[in-house]
Every structure is written in C-alpha cells, then in structure tokens.
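The values are calculated or read from the model by the stated rules, or taken from the named source; none is laboratory data. Everything numeric in this text was worked out from a predicted model, so none of it was measured. Please note: Cβ atoms are built from the backbone with ideal geometry, for glycine as well, and neighbour counts cover all protein chains shown. Calculation scope for accessible area: heavy atoms of the full protein, side chains included, ligands and nucleic acids excluded. Shrake-Rupley method; radii C 1.70, N 1.55, O 1.52, S 1.80 Å.
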Amino acid sequence: MDLRIFTEPQQGASYDTLLTVAKAAEDLGFDAFFRSDHYLAMGDADGLPGPTDAWITLAGLARETSRIRLGTLMTAGTFRLPGVLAIQVAQVDAMSGGRVEFGLGTGWFEAEHLAYGIPFPKEKFARLEEQLAVITGLWGTPSGQTFSYEGTHYRLTDSPALPKPAQDRIPVLVGGHGATRTPRIAARYADEFNIPFASVEDSDRQFGRVRAAAAESGRAPGDLVYSNALVACVGKDDAEVSRRAAAIGRDVAELKENGLAGSPDEVVDKIGRYAETGSSRIYLQMLDLGDLDHLELISAQVQPQLS
C-alpha cells in the first residue's frame, strides 16, 4: 500500500509551508505529495495568507525536491484551457525529471469561480471528456507531427503538440462518486481511479463499476490503479488523537467513521479493509500543515506495517 500526502492549501497555507511539508514527506519516505486545486477557503477557515496556484506550487516543488511524485487531486477543468494546461503540466514534468501525475476533474465549487471571475459552465462532464482527449492527444502525438481536434467545446488546428513531458506517459487520474459517466471516462482515459472520502463499502461498489466499464471498453480492469483519499488523524494515544481532531475542528468519532483516525494499529487495520477492495494507494488528507510530528508518527508506526 502506497501512502501519499494530500494537502488542501486553500484552507490557509503559503508556498513556504507547502515546501516544508513536501520536503518532510520526501524525507520520511512517503510516495508522493499532492495538493488540491482551489482558490477559495471552505467552511470556517480564513484561508490566510490567500490562495496559491496548484501548478505554480508544483513547479516550485519540482525544483526543490528530488524523489517524491507530485500531482493534483484534482486540477479543476474549469480553470484552464486544455491546450495551455497540457503545456504547463508537461513543463512541470520536465522540471521535476519526470515525477508528475495529473488528476483532472470537472471543477465544482461555484463560489470560487464567482470570487475570481472564472466562468462556471453548467455542462462540465462533456468538457472534461474533451479536455482529457485534447491533453492526452497533445502529449501522445509523435514528435514532428501535428495534432488537431474538433470538439463541441474545444478546437485545435495543426498544433505542434509541444512541449513533450519527460515521462513517456504522465499518469492520469480520474475520480469521483458518479455511477455512470465517471467510470466510463476513467475506463477510457485514466491510469488511476481515485474515490475521495468514501466508506469501504462505497469504495468497493465504485471500484466495481470502474472495473466493469474498463472491461466493457475492451480494457483489462487490472490496468488501472485504484486509490482512496481519506482524512488522517493518527495519535499514539487517545489524548493525541483528540488533540489532533480538535485542531482541525472535527469530532473523533466522526473521523473514525469517515476517515483514518485512531492509533497506528487502528489505522493500519482500517487501511487493510480498503486494501481488500483493491485499493493499493491512500492519499492522506493532512489538514493541519504545521503538525509535522503527525507525519513522523505515520511514517514511523503506520508505513512499516503496510510494506
């Protein structure tokens, strides 16, 4: 089971804070550092000092880390044109020496679009499919050839399809809870399917849908990686778990029900239940980015039990 660190910087984090967490994640042996792609804080958070851009952040981290994978859960499809996004991601991949992974979603948080003047289209799934077709098409076009695309929402004519990523193929992540279109899109474009903040039972059900969609499309279901994103709140004892839950404004019982909370042994046991669904990767949502001791505890007492 791979453990990855997943952050929500819109809730309040500077680039320096993210750099500190990313370097700690790398030093502690975690597989990757991922971040959300949002421009507005949610809930009661003040979001100070203000939003950071996902791909500018990852570009910086690409030059200041050396091993960990870097990516998004998920890049918002409403924020950037697909041709421009393909260039940005390919460049960050080159800057990192080929360590980027690319999660793309529809974009869903209308308030942040209104706050920053970003159009918020009603029909987002059709756009997402076209975006994935454009981005993967640009990356996959052989050097020296051009790429053209005629869609409902996007048109490209004789693109040189440059630059190319450092990797032969940047891993593409698709995710969500949708029962029909999401599995179909994942089956067509994804290397990894991620379900965020879902129970073991819901994960098992959704992974089954994706496997079925893959088989229907003529693809081996085992070709995809299946993963979960879950909030983490681990403590060496009940008092430490309670302290960490209070720091992020959550209830311990609720966290144990809906996330990975409790002692290291409790968390390992629950991860095992997710593994039984076919999940092989967990994105640990870390909401208190100043608590590096939390990362150290997970590294020292959870990770070794999963190898």
Query - Total residues in segment 36-71, condition under 11 Å from THR7 (Cβ atoms) and touching a Pro at 6+ places or on another chain (Cβ under 6 Å) - result: 1
Requested in this report: Please go through segment 11-50 and pick out each residue that is touching a residue at least 60 places away in the same chain (Cβ under 8 Å) and not in a loop (DSSP other than H, G, I, E, B).
Outcome: GLN11, THR17, LEU18, THR20, VAL21, ALA24, ALA25, ALA32, PHE34
**Report entry** Members of segment 199-242 found to be loosely packed, with under 13 Cβ neighbours inside 10 Å and either part of a helix (DSSP H, G or I) or in contact with a His (Cβ under 9 Å, 6 or more places away or on another chain) (or both), listed by number
**Finding:** GLU201, ALA215, GLU216, GLY222, ASP223, ASP238, ALA239
Query - Candidates ALA62, ALA54, ALA45 - the one that is farther than 25 Å from LYS124 by Cα and open to solvent by less than 20 Å² (accessible area, probe 1.4 Å) - result: ALA62
Query raised in the report: So GLU130 fits all but one of (1) buried (at least 21 other Cβ atoms within 10 Å of the Cβ); (2) within 19 Å of ALA186 (Cβ to Cβ); (3) without any contact (Cβ under 8 Å) to a residue 60 or more places away in the chain; (4) of a type outside the set (Phe, Trp, Tyr); what number is the exception?
Result: (1)
Report summary line: Scanning segment 155-166 residue by residue, those open to solvent by 30 Å² or more (accessible area, probe 1.4 Å) and in contact with an Asp or Glu (Cβ under 7 Å, 6 or more places away or on another chain) turn out to be ALA166
